[in-house]
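Note sheet for the following structure.
The values are calculated or read from the model by the stated rules, or taken from the named source; none is laboratory data. Since this is a predicted model, take the numbers as computed values, not measurements. Cβ sites come from the backbone with ideal geometry, for glycine too, and all protein chains shown count toward neighbours. Heavy atoms of the whole protein, side chains included, go into the accessibility calculation; ligands, DNA and RNA do not. Shrake-Rupley method; radii C 1.70, N 1.55, O 1.52, S 1.80 Å.
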Amino acid sequence: MTPGTTDRPQMSIEEFEQLARTAPETVTLEFVNGNLAVKPVPDGDHDEIIMWLAEKCMQRRPDLWLYRERGLKTESYRKGRARPDGTLPPRKHFAGHGEWSETKGVLMAVEVTSNDADTDQRDRVDERDGYAAGIPVYLLIDRDDCTVTVHSEPEDGKYRSLTTRPYGAVIDIPDPVGITLETAELKDYAS
C-alpha cells in the first residue's frame with residue numbers, strides 16, 4: 001500500500017535504502033514519488049507473464065536480458081527507488097552494480113499490474129513517470145483490462161508516445177528494443 005502523497009518525502013533515500021536492506025525477503029519495498037510503497041507479492045499468472053516476456057525477448061534479442069525486480073534509481077536526481085517487474089538492458093549490464101543501479105543503459109522497464117488497490121496509481125502513473133526520467137521504453141501489461149501498452153519517446157520526464165493493444169494483438173516495441181510481440185498467449189492469463 002502507498003501512503004498518501006505529500007510535498008515532502010516521508011524519509012531520505014538513505015533511510016529508505018536501510019529499511020529496504022533489513023526488510024524480510026517476503027516484502028518488496030519501493031520509494032516512489034517521495035513515498036514508501038510495499039509491492040505486492042506476485043501471483044502465478046503474474047510470474048507466467050514475466051516468463052513469457054523473458055522468452056520472447058531472448059528469442060528476438062539474445063543480446064538483451066530481462067531481469068526480474070532489479071533495483072533502479074528512478075525519477076530525476078535519484079529521488080526514487082523502484083523494482084520493476086522486468087528490466088531489459090544489454091547482457092551482463094548489471095555486473096559489479098550494488099543493489100540499486102542507475103537507469104542509464106536500461107532500454108525498457110516492464111510492469112504487470114497486480115490485483116491490489118494501489119496498482120492504478122503505482123503502475124499507471126508513479127512508476128511510469130519515474131521510468132520516463134531515463135528509460136526509453138516502458139511496457140505495461142495490464143491484467144485489469146487485458147491490454148499491452150508501450151510508452152516511448154521520453155521527454156521532460158514524460159513519455160510522448162503511447163500505443164495500446166488488446167491481448168491477442170500484435171504490438172511493436174520501438175528502438176532501442178526493436179521487437180514485435182504477438183500477445184495471443186496473454187489470453188491464457190486473463191482473469
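A compact table of results
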{"item": "Farthest positive-ward along the chain dipole, Cα basis, beta-carbon charges - from T149, A95, T28", "result": "A95"}
{"item": "Normalised contact order of the chain, rounded percent, pairs of Cα under 8 Å and 6 or more residues apart", "result": "15"}
{"item": "Karplus 3J(HN,Hα) series, Hz, for the stretch 134-146 with 6.51 cos²θ - 1.76 cosθ + 1.60 (x for Gly, Pro)", "result": "x, 10, x, 9, 10, 9, 10, 9, 9, 6, 5, 10, 6"}
{"item": "Helix 13-22 axis, angle to the chain major axis (alpha carbon atoms, nearest 10°)", "result": "70"}
{"item": "In the chain, lysine pairs with alpha-carbon atoms under 22 angstrom apart (chain gap of 8 or more, or interchain)", "result": "11"}
{"item": "Solvent exposure of the chain as accessible area per residue, Å², 1.4 Å probe", "result": "50"}
{"item": "Unit charges on C-beta of K, R, D, E only; dipole of the chain, Debye", "result": "620"}
{"item": "Interchain or long-range residues, amide H under 5 Å from G80's placed H", "result": "T74"}
{"item": "Under 5 Å, built H, 5+ apart or other chain: amide partners of I179", "result": "I173"}
{"item": "Label assignment, Cα extents along the principal axes in Å derived from the structure, set [x] 58, 41, 37; [y] 42, 34, 32; [z] 127, 23, 20", "result": "[y]"}
{"item": "With Cα atoms, 0 to 90° folded angle of helix 44-60 axis to the chain main axis", "result": "60"}
{"item": "Largest-first ordering by accessible area, 1.4 Å probe, given options M108, M51", "result": "M51, M108"}
{"item": "From phi via Karplus (6.51, -1.76, 1.60), per-residue ³J(HN,Hα) for the stretch 95-100 in Hz, x at Gly/Pro", "result": "4, x, 7, x, 5, 10"}
